[in-house]
1. Taking segment 41-67 on its own, how many of its residues are under 20 Å from residue 83 (Cβ atoms) and not in a loop (DSSP other than H, G, I, E, B)?
2. Which one is modelled with the highest pLDDT among residues in segment 68-83 that are part of a loop (DSSP other than H, G, I, E, B) and over 13 Å from residue 38 (Cα atoms)?
3. Hey, could you check segment 38-64 for residues that are acidic (Asp, Glu) and without any contact (Cβ under 8 Å) to a residue 12 or more places away in the chain and say which is surrounded by the most Cβ atoms within 10 Å (Cβ to Cβ)?
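The values are calculated or read from the model by the stated rules, or taken from the named source; none is laboratory data. Just so you know, these numbers come straight off a predicted model, no measurement behind them. Cβ placement follows ideal geometry from the backbone for every residue including glycine, while neighbour counts extend to all protein chains displayed.
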Amino acid sequence: MATRTIGYSRRCTETVPRGGDPRGRREGNLRCLLEETERQRILEALDETRWVIAGPRGAAAQLGVKRSTLQARILKLGITRNR
């Protein structure tokens, strides 16, 4: 049976039978899509603030979340700063 890979990020990749109906995995796909969207938005905010997380002009304020929440999401999503 041939398969195809659906990938939204390095962490969210799954294999679906080619020609098969992936709707059975819809919840997993939506979770991965949400995670990837969240990762991208956090990265955009971090880039715009030059990786300043706290303070009135930091990424947490821009995203409307507490500093500790943003730090937890950064860790959970595996976001690292490339220098």
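1. The qualifying residues number 8.
2. Going through segment 68-83, the residues part of a loop (DSSP other than H, G, I, E, B) turn out to be 78-83.
Those still in the list that are over 13 Å from residue 38 (Cα atoms) too: 80-83.
Details: 80: 95, 81: 92, 82: 86, 83: 74.
The extreme case among them is 80.
3. Narrowing segment 38-64 to residues acidic (Asp, Glu): 38, 44, 47-48.
Narrowing the set further to residues that are without any contact (Cβ under 8 Å) to a residue 12 or more places away in the chain leaves 44, 47.
Values: 44: 13, 47: 10.
Only one residue tops the list, namely 44.
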